[in-house]
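Inspection log for the structure reproduced underneath, given as structure tokens.
Read the figures in this text as sums done on the coordinates, not as results from a lab. These figures come from a predicted structure and were not determined experimentally. Ideal geometry is used to build each Cβ from the backbone, glycine not excepted, and the neighbour counts take in all protein chains shown.
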Amino acid sequence: MCLGYAVFFGNIVLTPLWMQTQLGYTATWAGLAAAPGGMIAVLISPFVGRYLGRTDARWIATLAFIAFAISYWMRSRLTTDSAFIDFVMPQLVLGIAMGTFFVAILAITFDSIPQQRVPAASGLAVFLRTLAASFATSITTTFWDRREAWHQTHLAAASSIYDPSSVAALERLKSLGMSDSAALATLNRELVGQSYLLSSIDYFWISALACVVLIIFVWFTKPSGSAAGAHVAAE
């Protein structure tokens, strides 16, 4: 629960941050790109909660992690020229993951816990989940910035006055009326944007792989089919 939520929350933080700081989206449009995921989750969660009483919650949790992995893999294929719909599509898949993950993982957590101890267990689960989200926020932004610096260093090392493509790009910008300093500044902005793109792709790939690995840990838990546990999760 904690690791899955940490990966999920890290991506929730990173995607709109990247869209607003590097791709020119406003906060409103970044929010609109993320909104469909929440809508899908709200629609399917009640049905998942009712179905849990008749099946092993581990299968539902596995489906959730697969959907998470697919969503993050789809994000890893984004570019700086991707259209708005390209950002929406991974969110739709993420909505399926959200609608199944939270219900299933809570059913596993509360399974076989006496009714009188459910409030204490719920409080502990919320505390640990919030703590994981806090760590994920710090780790995600730090990784993103440091990985961008690493990519920028390597991209800059591959560009010089002896590189034909770099010289051609500078000459093209100068032909548009830019001064030497303005042309260099334009190329530098493009280099920084591509570095953040590569850093984001790295994070999305790691997130997808992490979700696949977490499926293994789901099956270390006990079989969960308790109607009481499913009812609590649905609530």
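For the chain, find the longest principal axis of its Cα atoms and tell me its angle to the long axis of helix 84-110, 0 to 90°, nearest 10. Between helix and principal axis, roughly 30 degrees. Solvent-free Debye calculation, one equal scatterer per alpha-carbon of the range 1-103: log10 I(q)/I(0) at 0.10, 0.12, 0.15, 0.21 Å⁻¹ equals -0.29, -0.40, -0.61, -1.06. Pairs of Cα atoms nearer than 8 Å and 6+ residues apart set the relative contact order; for the chain it is 39 percent.
Helix 118-157 and the longest principal axis of the C-alpha atoms of the chain enclose an angle of approximately 20°. Going from the residue with the fewest nearby Cβ atoms within 10 Å to the one with the most, D202, D180 rank D180, D202. The equivalent ellipsoid that matches the C-alpha gyration tensor of the chain spans semi-axes of 44, 16, 14 angstrom, in descending order. Calculated mean residue ellipticity, 222 nm, the chain: -28500 deg cm²/dmol, from DSSP H runs (n ≥ 4) at -39500 (n - 2.57) each, averaged per residue and rounded to 500. Remark: V13, V42, V103 ranked as V42, V13, V103, counting other beta-carbon atoms within 10 Å and listing the fewest first.
Full extension of the segment from I139 to T221, taken as 0.36 nm per residue of separation minus the current Cα-Cα distance, would add 26.8 nm.
Here r is the Cβ-Cβ distance between M39 and W205 and R0 is 25 Å; the resulting FRET efficiency, rounded to 0.05, is 0.40. For trypsin sites (Lys or Arg not before Pro), the sites in the range 20-98 that DSSP calls loop and that have at most 13 other Cβ atoms within 10 Å are R54, R77.
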